[in-house]
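What follows is a set of notes on a single structure, which appears directly below.
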Amino acid sequence: QRSEKMNCLVYRIHESLYAVDAGTVKGVENTLNLHPIPGQPSFVEGVADVRGLMTPAVSVGRFFNLPPKSRGTALIIGSDFGQVAYITDGVEAI
């Protein structure tokens, strides 16, 4: 049997660690110039121009109803359908 290892990027939200497949991460941004989108849920922080693509940005902490922290690191996650910026409290490891 052949076993393939998945490379992960580990990020922090408050005191918890989460992982995402590193192959889906298109970039890591420390700052984004966010423009608000009226009428969206509170966890949608806005939209940003990331390398020429309008990219929605969501706060993972707000999605889990955690108290707000200062804006942290954005993980740009891509798929066949586009990309999304996940606002996290920081990257821990790759």
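The values are calculated or read from the model by the stated rules, or taken from the named source; none is laboratory data. Note that the structure is a prediction, hence the values are computed from the model and not measured. When we count neighbours, we look across all protein chains shown, and the Cβ atoms used for this are built from the backbone with ideal geometry, even at glycine. Surface areas here come from the heavy atoms of the whole protein model, side chains and all, with no ligands, DNA or RNA. Shrake-Rupley method; radii C 1.70, N 1.55, O 1.52, S 1.80 Å.
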_Probe 1.4 Å - accessible area at Thr88, Å² to nearest ten_ = 0 Å²
*asked:* Please give me the summed charge of the neighbours of Asp49: other residues whose Cβ is under 15 Å from its Cβ, Lys and Arg +1, Asp and Glu -1.
replied: 0
*Taking the Cβ of Val10 as the centre, find all other residues whose Cβ is under 14 Å away and add up their charges (Lys, Arg: +1; Asp, Glu: -1).*
-3
*How would Asp89, Asp49 rank on accessible area, largest to smallest, probe 1.4 Å?*
Asp49, Asp89
*Convex hull projection area averaged over all views, the chain, Cα basis, nm²*: 7.4 nm²
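Are there GluC sites (Glu not before Pro) in segment 1-82 that DSSP puts in a loop and that have at most 10 other Cβ atoms within 10 Å, and which ones? Write down the numbers at each step before the final one.
Details: sites: Glu4, Glu15, Glu29, Glu45; in loops: Glu4, Glu15.
In loop regions of segment 1-82 (DSSP not H, G, I, E or B), the sparsely surrounded GluC sites (Glu not before Pro) are Glu4, Glu15.
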_Karplus-derived HN-Hα couplings along segment 83-91 (A = 6.51, B = -1.76, C = 1.60, θ = phi - 60°), whole Hz, x at Gly and Pro_ = 9, 9, 9, 9, 7, 10, 8, x, 8
*If Ser59, Ser42 are ordered by their accessible area, calculated over protein heavy atoms with a 1.4 Å probe, which sequence runs from highest to lowest?*
Ser42, Ser59
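222 nm [θ] for the chain, helices only, -39500 (n - 2.57) per DSSP H run of 4+, per residue, to 500? Kindly include the intermediate steps, with their values, before the conclusion.
Details: 1 runs with 4 residues, N = 94.
About -500 deg cm²/dmol.
For the chain, run through the chymotrypsin sites (Phe, Trp or Tyr not before Pro) and keep only the ones in DSSP coil with at most 14 other Cβ atoms within 10 Å of their Cβ. Walk me through the numbers before you get to the answer.
On the way: sites: Tyr11, Tyr18, Phe43, Phe63, Phe64, Phe81, Tyr86; in loops: Phe43, Phe64, Phe81.
Sites meeting the loop and neighbour criteria: Phe64, Phe81.
Pairs of alpha-carbon atoms within less than 8 angstrom and 6+ residues apart define the contacts here; what relative contact order does the chain have, in percent?
Rounded, it is 32 percent for the chain.
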